[in-house]
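What follows is one structure encoded as structure tokens, with my remarks underneath.
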Amino acid sequence: MASRRLSHLLTRSFSSSLFRGKYAPVSSARKFGTAVAVEEPIKPPVEVEHTQLLIGGKFVDAISGRTFPTLDPRTGEIIAHVAEGDEEDVGLAVTAARKAFDEGPWTRMTAYERSMVLYRFADLIEKHNDEIAALETWDNGKPYEQSASAEIPMLARLMRYYAGWADKIHGLVVPADGPHHVQVLQEPMGVVGQIIPWNFPLLMYAWKIGPALATGNTIVLKTAEQTPLSAIYVSNLLMEAGLPPGVLNIISGFGPTAGAALASHMEVDKIAFTGSTETGKIVVELAARSNLKPVTLELGGKSPFIVFDDADVDQAVELAHFALFFNQGQCCCAGSRTYVHERVYDEFVEKSKARAMKRVVGDPFKKGVEQGPQIDMEQFNKIMKYIRLGKESGATLLCGGDRSGSKGYYIQPTVFTDVQEGMPIATDEIFGPVQSIFKFRDLDEVIQRANATRFGLAAGVFTSNLDTANTVSRALKAGTVWVNCFDVFDAAIPFGGYKMSGQGREKGIDSLKNYLEVKSVVTHLKNPAWL
């Protein structure tokens with residue numbers, strides 16, 4: 001279960017026991033054409049226990065005493081007020097992380113002992129799966145089925161994956177052209193700053209802290225201001241699992257204050273950021289202007305999903321629908337440019353419209369709901385702006401295009417056809433439930449058009465021809481190419497982008513390199529028996 005592909009949500013029949021009688025049946029949420037966001041939202045089966053900063057192993061208020069509200073995207077109402085960390089709080093957190101690295105037990109534990117902390121953490125995640133999932137859905141708006149049956153199990157799986165790596169990181173002894181003993185060591189970098197986004201709060205948390213802890217670093221992590229609650233909750237579990245004080249510090253706050261302070265801090269040895277390309281550029285600039293700390297970036301995308309004429313159209317429609325609409329379309333790697341061969345274009349378009357019309361929009365705590373609200377009013381307005389631009393630029397609005405219901409940040413699943421290169425909906429990352437369908441004629445043409453973007457995070461190819469799949473997957477300038485599948489995020493698969501979609505890789509063995517320094521130790525040998 002823990003290693004389940006997210007795409008398995010397409011077909012999985014969820015057990016009614018998952019909801020333990022707390023959730024209404026899907027009949028009270030309707031297909032988007034007549035959908036009404038539920039006027040009386042279901043009360044989440046979880047309490048907000050932690051709203052403070054985590055610094056040096058203790059939950060504390062911000063030095064300023066300020067808080068900010070985190071909102072329920074189903075209603076726009078306040079869930080809780082959370083401590084608002086800023087530059088002073090970041091400074092305290094970095095000091096705690098530096099002390100934990102330089103003086104604390106974490107770096108002096110054996111790698112096996114560190115791995116056992118992560119294994120115990122994974123066990124606690126599984127024990128509290130339902131509460132964590134409910135908190136994630138409440139703060140973010142994603143369907144509870146998705147949180148409870150895919151994302152939280154994957155969080156535990158990622159922790160076990162990195163726990164397994166902790167005692168398998170080793171250096172080399174290399175030969176030299178002379179009487180020298182040469183060791184190549186892999187050492188932790190030190191204090192790591194990490195900034196995570198709001199669309200997958202806990203998965204991005206795991207992608208960041210997993211490799212950093214497995215390699216022996218200490219961390220100051222800033223949560224997204226839209227979704228601070230779940231990271232604070234699970235970090236308390238991590239301390240319960242035995243993580244020493246100061247090894248992981250959590251700052252909730254805003255990018256221009258807390259985020260900028262973290263990226264600029266002279267005692268932070270490395271920064272890792274997931275978010276928009278525009279903000280990523282700022283992070284790189286701040287890191288360079290301070291101590292030239294190395295930066296890992298996982299940024300935006302405008303991923304092509306290419307359907308060839310030999311494809312099973314029904315399967316292609318379903319997968320293309322999933323590739324775009326999953327997580328309310330709020331995925332950096334969403335298949336937001338759907339290229340369809342002209343011979344199957346008309347059939348694909350009609351079936352895509354029908355599938356979108358069937359998509360169930362409503363309270364994410366209701367069983368069977370496929371699409372919850374967007375994260376907040378800012379994102380809602382951005383998506384509605386792009387829908388308007390799509391219509392104004394001459395694309396055909398096939399279905400959707402409006403808000404769903406009168407409360408919260410729900411948007412109808414939207415499909416555009418007759419989309420042309422150069423239109424805003426064709427070039428910009430919308431980050432919402434807006435599918436744009438393009439027509440193409442031949443292989444060379446679609447490769448050229450698919451690559452004609454400043455992004456290069458991911459791509460999808462749907463074909464029954466192995467030669468076509470091999471040709472296209474090698475020609476596409478993207479960090480991940482899914483062939484006859486999409487959004488497969490197993491722990492061992494590296495993820496990251498070409499071009500303006502970032503630098504470095506998350507997950508897999510490659511992610512460990514982000515948090516290790518390489519040191520060469522050369523010792524002179526006197527009268528060696530052998531070289």
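A few comments on the model shown:
- Any hit, the range 44-53, residues being open to solvent by 30 Å² or more (accessible area, probe 1.4 Å), under 28 Å from residue 286 (Cα atoms), assigned to a loop (DSSP other than H, G, I, E, B) and in contact with a helix residue (DSSP H, G or I) (Cβ under 6 Å, 6 or more places away or on another chain): no
- Counting residues in the range 183-193 that are open to solvent by 20 Å² or more (accessible area, probe 1.4 Å), among the small types (Gly, Ala, Ser) and in contact (Cβ under 8 Å) with a residue 12 or more places away in the chain gives zero.
- Any hit, the range 368-383, residues being within 28 Å of residue 45 (Cβ to Cβ), open to solvent by 40 Å² or more (accessible area, probe 1.4 Å) and in a helix (DSSP H, G or I): yes
- Answer residue from the range 256-277, given it is open to solvent by 30 Å² or more (accessible area, probe 1.4 Å), in a helix (DSSP H, G or I) and in contact (Cβ under 8 Å) with a residue 12 or more places away in the chain and is farthest from residue 103 (Cα to Cα) among those: 257
- Taking the range 402-507 as the region of interest, none of the strands (runs of 3 or more DSSP E) fully inside it holds 2 or more residues being open to solvent by 40 Å² or more (accessible area, probe 1.4 Å) and modelled with pLDDT under 95.
- Subset of the range 508-531 that is outside any loop (DSSP other than H, G, I, E, B) and of a type in the set (Gly, Ala, Ser) - its residue that is farthest from the chain's Cα centre (by Cα): 520
- The one condition in (1) closer than 21 Å to residue 370 by Cβ; (2) open to solvent by less than 10 Å² (accessible area, probe 1.4 Å) that residue 398 fails to fulfil: (2)
- Condition met for residue 210 (on the phi > 0 side of the Ramachandran plot and either modelled with pLDDT of 95 or more or assigned to a helix (DSSP H, G or I) (or both)): no
- Boolean, residue 70 is surrounded by 16 or more Cβ atoms within 10 Å (Cβ to Cβ), of a type in the set (S, T, N, Q) and either in a loop (DSSP other than H, G, I, E, B) or at pLDDT below 95 (or both): no
- Being open to solvent by less than 50 Å² (accessible area, probe 1.4 Å) and farther than 29 Å from residue 280 by Cβ is a property that residue 117 has.
- Within the range 120-147, the set of residues being outside any helix (DSSP H, G or I) and open to solvent by 20 Å² or more (accessible area, probe 1.4 Å) comprises 128 only.
- Qualifying residue in the range 164-175 (condition: part of a helix (DSSP H, G or I), open to solvent by 40 Å² or more (accessible area, probe 1.4 Å) and without any contact (Cβ under 8 Å) to a residue 24 or more places away in the chain): no
- Listed conditions (1) in contact with a Phe, Trp or Tyr (Cβ under 9 Å, 6 or more places away or on another chain); (2) within 24 Å of residue 164 (Cβ to Cβ) are all met by residue 484, apart from (2).
- Cβ separations smaller than 9 Å between residues 6+ apart or across chains give the following pairs from the range 461-487 residues that are in contact (Cβ under 8 Å) with a residue 24 or more places away in the chain and within 19 Å of residue 504 (Cα to Cα) to residues that are part of a helix (DSSP H, G or I) and β-branched (Val, Ile, Thr): 476/447.
- Criterion violated by residue 333 - all others in (1) in a strand (DSSP E or B); (2) of a type outside the set (Gly, Ala, Ser); (3) open to solvent by less than 10 Å² (accessible area, probe 1.4 Å) satisfied: (1)
The values are calculated or read from the model by the stated rules, or taken from the named source; none is laboratory data. Note that this is a predicted model, so its numbers are computed, not measured. All Cβ positions, even for glycine, are placed from backbone atoms using ideal geometry, and neighbour counts span all protein chains on display. These accessible areas exclude ligands, DNA and RNA; they are computed on the full protein's heavy atoms, side chains included. Shrake-Rupley method; radii C 1.70, N 1.55, O 1.52, S 1.80 Å.
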